[in-house]
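Scroll down for the structure; my scribbles are underneath it.
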Amino acid sequence: LSVIDIELFLVIAKHPRCTERHAEMLAQVLVRCAVENAVGRAASLPLLVIFRRFAHEDCIQALFERFVQVALTRLIQRGTPKSQINQVHELLAKIACMRNPSLDKRMRQLLQEVCRAYLSNYMELHPNLQVVLELWPEDERELNAWVRALNQDVQKNKPVDKQDTEMQDAGNVFTGTMDIRSLTPSVHDYPARGPDSPSSMPRSVGEGATVQVAQLAKETESLRDELASAKEKQAQALAEAEALRRELRDAKDLQKKVEAEVDQLQERREEILAKRQAGKGEGKGRKTDKKPTLESKNSDIPAEDAAKVEELQKAFEEPLKVLFSQYAKPRRGASGKRLEMRLEVLESLLDDLDILPTRLQKRAVQPLFKSVLPKPGDEALLVDNFMQLVPRLAKLFSASEASPMTDFGVTVPLEAAPAQLELQAFLQHVEQRAETSHNSL
C-alpha cells in the first residue's frame, strides 16, 4: 500500500456510511500493514479510527483479539526486525492511550496470558513483553506477585535436601523476593527450565503453556492466510476490471473505424453523384456549343429569369467579391497565390449572415458546397465558384422580402421576375447584416 491508499482508507473509515462490515475488510488489510509494512505508522491511523468507532461490534472485537495475539507473538519471535518491534510497541501504546474499556480489557488479558505462559518456560520475561507490560503498572505488580506465589508453591512441594540448603545459603535459588527481569534480547538465549531445576514448574503447567503458544502460532498463520486470500481476491478483481477496460477501448476503436468507413462511403457517393451531374452539364454544353450560363450551372432557376438574375448579379459582382475576400484565406498553388474558401469558412459566413441555421440547416451546407466545386476532389471554393453559389443562396429568400433600393449606383425596381426579386432580397439582407457585422463589406 502507498500513502495515497492509506489516506483513502482513512476517509472511508471516517465516512458516516461506513458499516462494520466495511470496517472489518479495511482492518484486515491494515493490521498486516501496521506490523510488517514500511508505511505501518501511517496505516495505524485508519486502523485506530476503526477500533475506536466500531469497538462495540463483535466482528471488530474478534479481529482486534487476533491482531493482539499476532502482535505479541511477533514481539517474541527470533529475527523480528527492530523497525517492526518499534511499530508494534507504538501501535499498542496508542491503543492503550485510547482508554476504550472493551479493547483495553481484551489486550490486558491477552498480555497476562502470554506473559504467564512465557514465564512458565523461561526464567525471565522477554524485554519486548516487558515494554508493553509497563503500560499498566498494576498488571506488572500482579504478575510479580503471581511469580512469587508460584515459586513459593514449588519450593513447598519439593523435598528439602542438603544440596538445596547449600544452594539457598549461596543465594542461587529464586525465592519469594524474585522480580521479573528483562535483560536478554532473544528468547532463544534464555535457559529453559528443566525437570531438575529448583524453580521448575509442574509438568501440567508447562504443557498448558506449550498448547497456548501453539494455538497463538496457529491463529497467526490463519490470519496470514486470510490476508493473503483477501489480497488475491483484490488482485483478481483488479485484473477483471482491467480486462473490461480493454474490451471497452476495443469497442470504442471499432466504433470509430465503422464511423470512418461510413463517412468515406458517403463522400464516395457524393463524388459519384457530382461526377454524373458534371457529365450531364458538359454534354449539354457540347450540344449547344455555347458558354455555360447561370442557367446551366443552376438548373433550379427558370430559363426566362436566368438573364435577369445574371444581369443583377453582375451589377453587384464587386461587393460580392469583397465579401468573399473578407472570409477566404490566401493559398499558394501551382498557378500562384489565390483566395480559397473551405467548408468551415463557408459555414462561418452563413452564420454571420444569419442564414445558418434559420434559413438553411447545417447538414445541407456540405452538399451545397460540393455542388459548386471546380472538381469533385477539391476542398475549397474559388471566387468564381462562390459567384455560382449566390443564386442558390438567393433561393432561400422569398420575393416578398425584396424592397425598392438604389445602392451601389444601380436602381432595382420591384417589377421583376421572382428569381430576380429573390436575389434582390438576398443582397439586401447581406447589406443589412454587413452594417452590424465586424466583417464589413
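The values are calculated or read from the model by the stated rules, or taken from the named source; none is laboratory data. It should be emphasised that the depicted structure is a prediction, and the values quoted were computed from it without experimental measurement. Note: ideal-geometry Cβ built from the backbone for every residue, glycine included; neighbour counts use all protein chains shown. These area figures cover heavy atoms from the full protein model, side chains too; ligands, DNA and RNA do not enter into them. Shrake-Rupley method; radii C 1.70, N 1.55, O 1.52, S 1.80 Å.
For E271, the accessible area of its heavy atoms, probed at 1.4 Å with every protein chain present, is near 60 square angstrom.
Among the listed pairs K231/K256; K321/K362; K14/K231; K257/K329; K329/K375; K329/K370, a Cα-Cα separation exceeding 26 Å is found for K231/K256; K257/K329. For K321, the accessible area of its heavy atoms, probed at 1.4 Å with every protein chain present, is near 70 square angstrom.
Please sort 73-82, 251-260 by packing, taking for each peptide the average over its residues of neighbouring beta carbons within 10 angstrom, highest first. Could you put the intermediate results ahead of the total?
Numbers: 73-82: 13.9, 251-260: 10.0.
Highest to lowest by the protection proxy: 73-82, 251-260.
Pop the C-beta distance of K395 and V3 into the FRET formula with R0 = 45 Å and round what comes out to the nearest 0.05.
Details: r = 69 Å, r/R0 = 1.53.
Once rounded, the FRET efficiency stands at 0.05.
Applied to segment 90-106, the Karplus parametrisation 6.51 cos²θ - 1.76 cosθ + 1.60 on θ = phi - 60° returns per-residue 3J(HN,Hα) values of 5, 5, 5, 5, 5, 5, 5, 6, 5, 6, 7, x, 5, 5, 4, 5, 5 Hz, with x for Gly and Pro. Each residue of segment 345-357 was assigned a 3J(HN,Hα) from its phi angle through the Karplus curve 6.51 cos²θ - 1.76 cosθ + 1.60 (θ = phi - 60°); the sequence is 6, 4, 4, 5, 4, 5, 5, 5, 7, 6, 9, 10, x Hz, with glycine and proline shown as x.
The heavy atoms of S400 present about 110 square angstrom of accessible area, all protein chains included, probe 1.4 Å.
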